[in-house]
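Input: a single structure, listed below in structure tokens.
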Amino acid sequence: MMLEKRRKPVITPDDIRADLDRFSRRAFLRGSLSLGGLAMLTGCNLSTDSGVDAALKAILRFDDKIQAKLFDPARLAQTYPASAITEPFRFNAYYPDWQVRGVPDDWRLEVAGQVTDKKAWTLDALQSLPQESQITRHICIEGWSQVGQWRGVPLAMFLRKIGADTRAKYVKFTCFDDYTTSIDMASALHPQTILALEFVGKPLTPEWGAPVRLRIPTKLGFKSAKNLRAIEVTNSFSGGYWENQGYDWFAGV
């Protein structure tokens, strides 16, 4: 008797919204803790701004732990047919002078941290690696979402190529304008996490993240850092630009 092949579970946008809402710090504050409870949890004096900030940081750390436990490295974000691609596709971006001028001719993707091969990568070298395409939904923390098509190198493949220690806890990304974010290693190794080189069948332009961007459909859009210049494999938690201002660090399931 033939056994039916088990299908991988799929993450839908509604799943992500539901999980983020369930474990957001606001929901936790409303449903679980009074100010007195927060004081007991954090040992903080909530009569001061610093006490409230410390309490909220404790809630964010709790959020991250719960979301990490919910994360299934075999669970895929929902994919779509080409007919579902949003046109025109909306984007948010900050435009320093280099984006107006274009990508510098001497651009290299720097590699650092717990890797055996720390040579910098040219765009041609990245393009020579096997690539995969995906049509997935970009979900913005501002409340909008759109479907786009990206093609690029699976990050797991790239990490193996540079001899990354996949026992390390984090992968940090730094962009041209010094924007930073970081993700856990399990999310970095997820099969849909890619270093995107193309958007809708064309090489990335600056507004879409040229010359290479992170694309990670299992997380909110601000984690898909644009205009990359460096990747670091590390055990040191580094947060990120928005995360250090109060956004959830894990930002997905």
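The values are calculated or read from the model by the stated rules, or taken from the named source; none is laboratory data. Predicted model only: the values in this text are computed from it and were never measured. Note: ideal-geometry Cβ built from the backbone for every residue, glycine included; neighbour counts use all protein chains shown. Just so you know, the surface numbers come from the protein's heavy atoms only, side chains and all, with ligands and any DNA or RNA stripped out. Shrake-Rupley method; radii C 1.70, N 1.55, O 1.52, S 1.80 Å.
Test VAL212 against the criterion of being in contact with a Lys or Arg (Cβ under 7 Å, 6 or more places away or on another chain) and open to solvent by less than 10 Å² (accessible area, probe 1.4 Å), and give yes or no. No. Checked against (1) modelled with pLDDT of 95 or more; (2) within 23 Å of SER128 (Cβ to Cβ), LEU204 passes all but a single condition, namely (1).
Among the residues of the stretch 171-184, the ones that are surrounded by fewer than 20 Cβ atoms within 10 Å (Cβ to Cβ) and within 17 Å of THR218 (Cα to Cα) come to 1 in all. The number of residues in the stretch 99-115 being modelled with pLDDT under 95, open to solvent by less than 90 Å² (accessible area, probe 1.4 Å) and not in a loop (DSSP other than H, G, I, E, B) comes to 1.
If the condition is being out of contact with any Ser or Thr (no Cβ under 6 Å at 6 or more places or on another chain) and β-branched (Val, Ile, Thr), then the stretch 166-202 contributes THR166, VAL171, THR181, ILE183, THR193, ILE194, VAL200. Taking the criterion of being in contact with a helix residue (DSSP H, G or I) (Cβ under 8 Å, 6 or more places away or on another chain) and at pLDDT 95 or above, the residues of the stretch 139-151 that qualify are VAL147, GLN149.
Listed by position, the strands (runs of 3 or more DSSP E) enclosed by the stretch 158-229 that each have at least 3 residues that are under 19 Å from PHE89 (Cβ atoms) and touching a residue at least 12 places away in the same chain (Cβ under 8 Å) are 194-199, 213-215. VAL253 meets each of the listed conditions (1) open to solvent by less than 10 Å² (accessible area, probe 1.4 Å); (2) more than 22 Å from MET157 (Cα to Cα); (3) at pLDDT below 95 apart from (2). Among the residues of the stretch 116-156, those identified as outside any strand (DSSP E or B), open to solvent by 60 Å² or more (accessible area, probe 1.4 Å) and of a type in the set (Ser, Thr, Tyr) are THR116, SER128.
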